[in-house]
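Have a look at the structure below, then the notes.
The values are calculated or read from the model by the stated rules, or taken from the named source; none is laboratory data. Quick caveat: nothing in here was measured; it's all calculated off a predicted structure. Methodologically, a virtual Cβ is constructed for each residue, glycine included, from the backbone with ideal geometry; neighbour enumeration extends over all protein chains shown. The area values use the complete protein model at the heavy-atom level, side chains included, leaving out ligands, DNA and RNA. Shrake-Rupley method; radii C 1.70, N 1.55, O 1.52, S 1.80 Å.
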Amino acid sequence: MSELQVRHVATMLKQRYSDKIDISDCLTTKEEDLNNLLLTRAYAAYSLQVLADVSEEIAATSITDGVNDNGIDAILFDKTTKILWLVQSKWKKKGVGEPESGDTLKFCSGIKKIIEDDFDTFNDKIKSKQNDIEDALNDYTVKIHIVLAYTGGDDLSSHNKDAINSLMQEINEDSDELITFETFTLSAVAYLSSL
């Protein structure tokens, strides 16, 4: 059942995003690799389209996935809602599983680097968003919302939960939810399709 749902989501993502998302930096020319890269990036964009309620075009420009992304596949600063969105996306063709714990730790580490204003090890896609990121982080009314977007089940392993919870506790320490977290999984897409 999950594989069929993933197939349907893949079709939808290709229709909406194949002409909006750049995959020219793919390190191989294999059709399967190009397809997986497009779907991973499109799923990150789609998660922002839905969760941040932005257009496909804006969601597509948020993509930062690539070499030296430090686990951050999309960044969007919504100046209207005062939310800085940070997304990691994993395309699971079979519709099961979750991000590897190493990927989640890398995502958390990348978020810390952004908060610490350490952009040295980031790719040009993220560096091009540095001014927006700094504007967001300098505004005491802005909240950070992190998203793990993946085409698997809802349950996260204890390792992934621990990594996310540790990051959130460190950042939120003595304040009211400076940073929040959610997953964007197949069940979220299924729910949206039923509306």
Which of (1) of a type in the set (Gly, Ala, Ser); (2) buried (at least 17 other Cβ atoms within 10 Å of the Cβ); (3) not in a helix (DSSP H, G or I) does Ser24 not meet, given it meets every other one?
-> (2)
Among the listed residues Ser18, Ser62, Ser89, which satisfies the condition of being in contact with a helix residue (DSSP H, G or I) (Cβ under 9 Å, 6 or more places away or on another chain), surrounded by fewer than 20 Cβ atoms within 10 Å (Cβ to Cβ) and in contact (Cβ under 8 Å) with a residue 24 or more places away in the chain?
-> Ser18
Would you check which residues across region 65-78 are open to solvent by 10 Å² or more (accessible area, probe 1.4 Å) and either touching a His at 6+ places or on another chain (Cβ under 9 Å) or of a type in the set (Gly, Ala, Ser) (or both) and list them?
-> Gly66
Looking at Glu100, Glu56, Glu116, which is the one that is open to solvent by less than 60 Å² (accessible area, probe 1.4 Å) and either within 29 Å of Ser157 (Cα to Cα) or of a type outside the set (A, V, I, L, M, F, W, C) (or both)?
-> Glu56
So Ser47 fits all but one of (1) in a helix (DSSP H, G or I); (2) free of Cβ contacts under 8 Å to residues at least 60 places away in the same chain; (3) among the small types (Gly, Ala, Ser); what number is the exception?
-> (2)
Within region 30-37, is there a residue that is part of a helix (DSSP H, G or I), open to solvent by 10 Å² or more (accessible area, probe 1.4 Å) and under 26 Å from Asp132 (Cα atoms)?
-> yes
